[in-house]
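Report on the following structure.
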Amino acid sequence: MPLLLLRHVHAGDRRSWDGDDRRRPASERGRRQAVGIVEQYADLPVRRILTSPYTRCVESVEPLAAARGVEVERDDALAEGVPLDVVHRLFAQAGPDAVLCSHGDVIGMVVRDLHDRGVDVGGPDGLRWAKGSTWLLAGADPRRPASVRYLPPPQRP
């Protein structure tokens, strides 16, 4: 019953985007990554998909949702800038076999917190969360996972 913590796929450069950053879409590379996530998660159970309401996050999980026949649930608790306690509350509410798609600041905060509490995330070099990557948190309580595993972004031509 893992919880999959996904950083949104590639969405280009924030500084190059003209407009509301919440509406910045996935890039072509990011759309390929989103399709690759479907393949990468092929052997993983997925019962729920929760995502930040930002366009790039929603687009990151839409192919997976379509492939699994699961609804995409937008949740502000996964938006940029949320505090750790809000994310932890969502972990408890998400249930087993959920995908949570968020942003670099949120994923980084969670991974650093796990590391700081002594969870083996691969040492200092394990503190990574590339766009399109996933942290698989296994165990009954994702705030205190029995094990963690980093899945690098899918590589798609």
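No lab work stands behind these numbers, since they all come straight from the coordinates. Every value quoted in this text rests on a predicted model; they were computed, and no experiment measured them. Positions of Cβ are backbone-derived with ideal geometry, glycine not excepted, and every protein chain shown enters the neighbour counts.
Annotations for the structure displayed:
- As a calculated quantity, the FRET efficiency between Leu127 and Ala66 at R0 = 30 Å, using C-beta atoms, amounts to about 0.40.
- The equivalent ellipsoid that matches the C-alpha gyration tensor of the chain spans semi-axes of 22, 17, 16 angstrom, in descending order.
- Beta-bridge orientation, the chain: approximately 45 percent antiparallel, per DSSP, counting only bridges with both partners inside.
- Cα gyration tensor shape of the stretch 57-108, rounded if a/c is under 1.5, else prolate or oblate by comparing a/b with b/c: oblate
- Label-point gap, in nm, between Asp43 and Leu151 - each point 7 angstrom along Cα→Cβ: 1.1 nm
- Segments 130-137, 97-104 sorted - mean Cβ within 10 Å per residue, highest first: 97-104, 130-137
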